[in-house]
1. Which of the helices (runs of 4 or more DSSP H) contained wholly in the range B:9-89 include at least 1 residues that are among the hydrophobic types (A, V, I, L, M, F, W, C) and within 14 Å of another protein chain (Cβ to nearest Cβ)?
2. Exactly one condition in (1) over 27 Å from B:Asp20 (Cβ atoms); (2) facing another protein chain (nearest Cβ under 10 Å) is false for B:Asp134; which is it?
3. Scan the range B:13-26 and report the pairs whose first residue is closer than 15 Å to B:Leu179 by Cα and whose second residue is open to solvent by 30 Å² or more (accessible area, probe 1.4 Å) and modelled with pLDDT of 90 or more, with Cβ atoms within less than 8 Å and a gap of 6+ or a chain change.
4. Take B:Ser216 and tell me if it is more than 7 Å from every other protein chain (Cβ to nearest Cβ) and modelled with pLDDT of 90 or more.
5. Are there any pairs with C-beta distances below 7 angstrom linking a residue in the range B:234-255 that is more than 8 Å from chain A (Cβ to nearest Cβ) and of a type in the set (D, E, K, R) to a residue that is crowded, with 20+ Cβ neighbours inside 10 Å and part of a helix (DSSP H, G or I), with the two at least 6 apart or on different chains, and if so which?
6. Looking at A:Thr29 and the list (1) touching an Asp or Glu at 6+ places or on another chain (Cβ under 8 Å); (2) within 27 Å of A:Leu205 (Cα to Cα), which single condition is not satisfied?
7. What are the residue pairs meeting all of these: first residue in the range A:138-149, first residue among the basic types (Lys, Arg), second residue assigned to a helix (DSSP H, G or I), Cβ atoms under 9 Å, and 6 or more apart or on different chains?
8. Considering only residues that are among the acidic types (Asp, Glu) and buried (at least 19 other Cβ atoms within 10 Å of the Cβ), which ones fall in the range B:43-97?
There are 2 protein chains.
Amino acid sequence: MKSVDTEVTTSSNHTFEMLDNIRIVMVNTTHPGNIGAAARAMKTMGLSDLVLVEPKKAIDDESIARSSGATDVLEAARIVPTLDDAIEDCGLVIGTSARSRSIPWPLLNPRQCAEQSVLTSKRQKVAIIFGREDRGLTNDELAKCNFHVHIPTNPEYSSLNIGAAIQVISYEMRMAIELSSKGDDQLWGVEWDRDLASSKELDGLIEHLEQVMIKSEFLDPENPRYIMTRMRRLFNRAMPDKVEVNVFRGILSAISKKFN
Amino acid sequence: MKSVDTEVTTSSNHTFEMLDNIRIVMVNTTHPGNIGAAARAMKTMGLSDLVLVEPKKAIDDESIARSSGATDVLEAARIVPTLDDAIEDCGLVIGTSARSRSIPWPLLNPRQCAEQSVLTSKRQKVAIIFGREDRGLTNDELAKCNFHVHIPTNPEYSSLNIGAAIQVISYEMRMAIELSSKGDDQLWGVEWDRDLASSKELDGLIEHLEQVMIKSEFLDPENPRYIMTRMRRLFNRAMPDKVEVNVFRGILSAISKKFN
């Protein structure tokens, strides 16, 4: 229809290539069918990078059936042993969350999640993490994220299937591009001079900081409480660039040399 | 979680009753499983009014299985012989469309569809019509609609399952209400557990950090370059709360004690 022609024209006026930089990560998935549903949901919206962290069962006929022709996404899916392997090259990591947190974490709705992701994806990899069908993500897994995203649901019935959740998140990614107007494509409102630190680089900084905190006897490894979680949350929220991380690590190294 | 508590509180601050006035109409559905998936998708977002126009097969065990507990929506579903019966009491009728039309029709994206629907639902019934799995809606059926809605998809692969389509449309309905009167008074989208540090407290932290950077001989006061500016930018961006600033200052004090 004219309307669909319009849609298609609209679409082709945008570049959707950045969607290649947006990765869907599924952690410890129980049902292979859900992996197929995820592949289909992703492909309908133009996403293709699927990473599976320790799936309980391998991709099988059920996955292929549910993927309904999105088999290329299934075939290209990477299986990795740990979440760190899945996100180490990502500049932005967002975890889906619906459970109680020990301390609050910056929370986005799916629309904000998509806007943030699409912006970042123009220059760097982005990972959206989905947890187990029954228990979601652990606190440790959620603490690795810059932000959390929560899909609003009916409080009396929030049984959102993981495939449906991936459909909603992927749909918002496509909408963010469809609706994006040129100009506001800058993460901090200005052209930034450096790339964001990767998740792995940020982990390196946090670990380095922890060592110094222990050496200085500020942190008792026997009784860390939530101190490191708060530090991790602070740095995740700031989304440091590579130079900022390097400066900080330089400071920590200089400090360590001075310890008696 | 705090965030979910917030979500729930947020939600209960809104009235979602108007969702009772938004009807999902499925025309000539072939697979009973899709009717179950529709019920589940609707209920997760708070919709409950499902009308089936001449389904090819009756609601069956497959429907109930796929509805995953949203059986109340299935049991309440009305089966009618014609589309007119399904929409006669509706003030706004929107048809999902993806096929070429003989003449163009006012087209909404799912977000505009939701805004329009929620607005109208405060006073009148609204119907969103979904067509056959294979052929969608006929021209005559689409001509009965005030507007058409098109879910943007990947032009190379637009195989959006009808349950997924209903999930996206229903999600947008809920989002339209969530965002309509949501007081965006939460900096990070959740109830934060601490106040933000004051500008003075932040200055105190930066100065303290600078002293340690100089003592550790990382920073040359004679030639500071832009290092402190970058540090200041990083902490300003993170907008630390009072506890985070105190923890950091505690670390710096502990470090200073260790210097030889």
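The values are calculated or read from the model by the stated rules, or taken from the named source; none is laboratory data. This one's a predicted model, so the numbers in the text were calculated from it and none came from an experiment. Glycine gets a Cβ as well: all are built from the backbone with ideal geometry, and neighbour counts include every protein chain shown. Areas reflect the complete protein model, heavy atoms only, side chains present, ligands, DNA and RNA absent. Shrake-Rupley method; radii C 1.70, N 1.55, O 1.52, S 1.80 Å.
1. B:32-45, B:61-67, B:71-76
2. (2)
3. The qualifying pairs are B:Leu19/B:Ser48.
4. no
5. As it stands, the answer is B:Arg249/B:Leu205, since those pairs meet every condition given.
6. Checking A:Thr29 against (1) touching an Asp or Glu at 6+ places or on another chain (Cβ under 8 Å); (2) within 27 Å of A:Leu205 (Cα to Cα), the one that fails is (2).
7. A:Lys144/A:Leu83; A:Lys144/A:Asp84; A:Lys144/A:Ile87; A:Lys144/A:Ser199; A:Lys144/A:Leu202; A:Lys144/A:Asp203; A:Lys144/A:Arg232; A:Lys144/A:Asn236
8. Within the range B:43-97, B:Asp49 is the sole residue that qualifies.
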